[in-house]
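Undergrad: Got a structure for you, questions after.
The values are calculated or read from the model by the stated rules, or taken from the named source; none is laboratory data. Owing to the predicted nature of the structure, the values given are computational and were not obtained by experimental measurement. Here Cβ is always computed from backbone atoms with ideal geometry, including for glycine, and neighbour counts include all displayed protein chains. Accessible surface is based on the protein model in full, side chains and every heavy atom, while ligands, DNA and RNA are left aside. Shrake-Rupley method; radii C 1.70, N 1.55, O 1.52, S 1.80 Å.
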Amino acid sequence: MSLRTAAAIFLKRLRFPASHGFCASRVYPNAFPLSFSGKLKLSHWYQTGANGSRMNLRDPCLWIVISGHIAIVLGTGANTVFAEDPTNEASPDDDLIGLRKVEDGSIVSNTHTAKWRVFTDEAREFFIKGQLDAAEKLFLAALQEAKEGFGPRDPHVASSCNNLAELYRIKKDFAKAEPLYLEAIDILEEAFGPDDIRVGAAAHNLGQFYLGQRKLEKARVSYERALKIKRRVLGYGHSECADTMYHLGVVLYFQGKERDAEAAIQDSIRLLEEGGEGESFVCIRRLRYLSQIYLKSHRLAEAEMVQRKILHILELSKGWNSLDTVVAAESLALTLQASCNLKDSKELLERCLNARKVLLPDDHIQIGANLLRLAQVAMLDSSQHKKFDVKRAKAELDIAKDHVHNSIRIARQYLDRVSKQKDRLKKHSAPGDSRKEAQAALLILLQSFNTLSSVEVAKQELLEIQEGKSNLKAKESLLQCIHAYSEFVADKSIPENAEIKKEYLSCLKVAQNLLGNKGLPEAELIES
């Protein structure tokens, strides 16, 4: 069997994952684009740069077991897989017997082999469940068994070092993790040579470790080494080269090398498409990241093109009965809104709302967010028509007001439920579950009050109401926004994050302009 074929078998199922500007005529303050996924669960916010170093302990981890010759490489992929021996040279009987000759010619019984595997498998199960202390003890035991049974420079030891290093990375015990990564690479280099594909895989893991800590230059060097080895052994067009190329692109982007980053990520996507993986989750994730790069650079036309491609893929593969499709459509709608293509943006958001109403309960927080986005588009539409079609402009404001009232109602209902069970929320919530949903709901509520205030101001301007009666409803909305922040953040029901704080400060600033300091509660004067 050729070296390239053997290496391809080894890495066949190995995956190392990746981990708006708005229209100039906008009339609402600090809209924060939201994006949701998951059947009944909010995902992360619409981001401008997630990377592969992030990991949810509830996600299954990727484990590669190579019988007798290679380390277990623990990554953060979506599935648990067991690879075959890449060389196919080891006899299954030899593997079962577990006998191994050592330098003095003696024979080591299979006891260490059996214990090593048992400890490793049990540690894996604890790791997946998030029981990291129990996993650590077993990984340490596996490392000790590997050293006693195979010798301190054996690839089994590199395996255990890699596993333990990954656990310490998740625990953020970086000082313990780094030397283990380096030891694993050193052992593999000694056993197989510096350009072996197993060294390339370990170098990729090390790059991921450095990327997670934003040690960008070290990450770049590790990924470049991994890419060089993979290209030499597997060939330029292999999907594993695409994986490392993508991660290298992420590092280059963080280093400010935007052109090089874009080229690397585009090449990564192209290789997946040429390999028949253009509709895969991995490819869609990379397309989404590329669109985020374009958005951050205000290259809206290019972002729109990529997002249309994502939506097309999901429409064909999943249809509109999937929230993944809805999220992709919503992201495109926000980009169209930023490009002032309000007609298409509104149509997409309405379709998203209809789909969500089928897939989710009527009072689900995602529906509230969708209504808020529709309200904001209606406000922009009103602003565009107010000079030549006052009737149309007023009608759009009425639509916006109706949407935002419903958004407030839904967000308020959710937050009231959270407030009643705040003790349980503190004790049992984990990243990605109800705590983040509660933060999302509070952000939606604050934005909705802020938007409602803008609707009232726009109405007064449109109807030319005298300043003497000025903005009573707008002021009331702003005070409700301030009160909501105090109610849910000050009493610690919901942990504050940067987006919530930003929206609150925006509301406070507008309130000061309309009310003056005399109209604000004393606590807010101290805050401001």
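Conditions (1) modelled with pLDDT of 75 or more; (2) surrounded by 13 or more Cβ atoms within 10 Å (Cβ to Cβ); (3) on the phi > 0 side of the Ramachandran plot, marked per residue:
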position: VAL457; (1), (2), (3): yes, yes, no
position: ILE465; (1), (2), (3): no, yes, no
position: ILE482; (1), (2), (3): yes, yes, no
position: PHE488; (1), (2), (3): yes, yes, no
position: LYS492; (1), (2), (3): no, no, yes
position: ASN517; (1), (2), (3): no, no, no
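Undergrad: Also, quick follow-up: Between a first residue in segment 267-291 that is under 22 Å from GLU330 (Cβ atoms) and a second residue that is buried (at least 17 other Cβ atoms within 10 Å of the Cβ) and of a type in the set (Phe, Trp, Tyr), which pairs have beta carbons less than 6 Å apart while being 6 or more apart in sequence or on different chains?
TA: Final answer for the pair search is ARG286/TYR246.
Undergrad: Let me ask something else. Could you tell me which of the residues ASN370, ASN406 is crowded, with 24+ Cβ neighbours inside 10 Å and either in a helix (DSSP H, G or I) or of a type in the set (Gly, Ala, Ser) (or both)? First the steps, then the outcome.
TA: On the way: ASN406 fails: crowded, with 24+ Cβ neighbours inside 10 Å.
Only one candidate qualifies: ASN370.
Undergrad: So, one more: Check ASP324, ASP363 and return the single one that is outside any helix (DSSP H, G or I) and surrounded by fewer than 23 Cβ atoms within 10 Å (Cβ to Cβ).
TA: Numbers: ASP324 fails: outside any helix (DSSP H, G or I).
Just a single option satisfies the conditions, and that option is ASP363.
Undergrad: Does VAL358 meet the test of being open to solvent by 10 Å² or more (accessible area, probe 1.4 Å), at pLDDT 85 or above and in a helix (DSSP H, G or I)? Explain how you work it out, then say what you get.
TA: Working: open to solvent by 10 Å² or more (accessible area, probe 1.4 Å): yes; at pLDDT 85 or above: yes; in a helix (DSSP H, G or I): yes.
Yes.
Undergrad: For segment 259-278, give me each residue that is assigned to a loop (DSSP other than H, G, I, E, B) and in contact with a Gly (Cβ under 9 Å, 6 or more places away or on another chain). Outline the logic, then answer.
TA: Let us first name the residues in segment 259-278 that are assigned to a loop (DSSP other than H, G, I, E, B), namely 275-278.
Passing the criteria: only GLY275.
Undergrad: I want to confirm something. Restricting to segment 98-139 and keeping residues that are closer than 17 Å to ASP154 by Cβ and among the aliphatic types (A, V, I, L, M), which single residue is modelled with the highest pLDDT? Give the steps one after another, and end with the answer.
TA: Initially, segment 98-139 is screened for residues closer than 17 Å to ASP154 by Cβ, giving 98-117, 119-120, 139.
Next cut, among the aliphatic types (A, V, I, L, M) only: 99, 102, 107-108, 114.
Details: LEU99: 29, VAL102: 33, ILE107: 39, VAL108: 47, ALA114: 85.
Result: ALA114.
Undergrad: Residue check: is SER345 farther than 27 Å from ASP324 by Cα and either part of a helix (DSSP H, G or I) or open to solvent by less than 10 Å² (accessible area, probe 1.4 Å) (or both)?
TA: So SER345 does not fit the description; no.
Undergrad: Now, a different point. Checking TYR223 against (1) within 17 Å of LEU287 (Cα to Cα); (2) open to solvent by less than 10 Å² (accessible area, probe 1.4 Å); (3) hydroxyl-bearing (Ser, Thr, Tyr), which single condition isn't satisfied?
TA: (1)
Undergrad: Which number in (1) on the phi < 0 side of the Ramachandran plot; (2) open to solvent by 50 Å² or more (accessible area, probe 1.4 Å) marks the one condition that HIS298 misses?
TA: For HIS298, the exception is condition (1).
Undergrad: I've got another one for you. Among the residues of segment 409-426, is there at least one that is open to solvent by 30 Å² or more (accessible area, probe 1.4 Å), among the acidic types (Asp, Glu), closer than 21 Å to GLU496 by Cβ and at pLDDT below 75?
TA: yes
Undergrad: Report yes if some residue within segment 253-271 is under 24 Å from GLN307 (Cβ atoms), of a type outside the set (Ser, Thr, Tyr) and touching a Cys at 6+ places or on another chain (Cβ under 7 Å); otherwise report no.
TA: Yes: segment 253-271 contains one or more residues that are under 24 Å from GLN307 (Cβ atoms), of a type outside the set (Ser, Thr, Tyr) and touching a Cys at 6+ places or on another chain (Cβ under 7 Å).
Undergrad: So, one more: Mind checking which helices (runs of 4 or more DSSP H) fall wholly inside segment 111-214 and carry at least 2 residues that are farther than 30 Å from SER239 by Cβ and open to solvent by 10 Å² or more (accessible area, probe 1.4 Å)? Before you say what the answer is, go through the steps one by one.
TA: Values: elements: 111-129, 132-150, 155-170, 174-192, 197-212.
Where helices (runs of 4 or more DSSP H) fall fully within segment 111-214 and carry at least 2 residues being farther than 30 Å from SER239 by Cβ and open to solvent by 10 Å² or more (accessible area, probe 1.4 Å), they are 111-129, 132-150, 174-192.
Undergrad: Applying the selection to segment 386-408, what residues are farther than 24 Å from LEU360 by Cα and modelled with pLDDT of 85 or more? Quick ask: steps written out before the conclusion?
TA: Residues of segment 386-408 farther than 24 Å from LEU360 by Cα: 386-398.
Answer for segment 386-408, where residues must be farther than 24 Å from LEU360 by Cα and modelled with pLDDT of 85 or more: PHE388, ASP389, VAL390, LYS391, ARG392, ALA393, LYS394, ALA395, GLU396, LEU397, ASP398.
Undergrad: Restricting to segment 238-256, and then to whatever is open to solvent by 10 Å² or more (accessible area, probe 1.4 Å) and either touching a helix residue (DSSP H, G or I) at 6+ places or on another chain (Cβ under 9 Å) or part of a helix (DSSP H, G or I) (or both), can you tell me which residue is farthest from GLY276 (Cα to Cα)? If you could, list the steps in order and put the result at the bottom.
TA: Here is the first cut: in segment 238-256, the ones open to solvent by 10 Å² or more (accessible area, probe 1.4 Å) are 238-239, 248, 252-256.
Now drop any that are not either touching a helix residue (DSSP H, G or I) at 6+ places or on another chain (Cβ under 9 Å) or part of a helix (DSSP H, G or I) (or both), which leaves 238-239, 248, 252-255.
Values: HIS238: 11, SER239: 10, LEU248: 22, LEU252: 26, TYR253: 26, PHE254: 29, GLN255: 31 Å.
Filtering segment 238-256 for residues that are open to solvent by 10 Å² or more (accessible area, probe 1.4 Å) and either touching a helix residue (DSSP H, G or I) at 6+ places or on another chain (Cβ under 9 Å) or part of a helix (DSSP H, G or I) (or both), the one farthest from GLY276 (Cα to Cα) comes out as GLN255.
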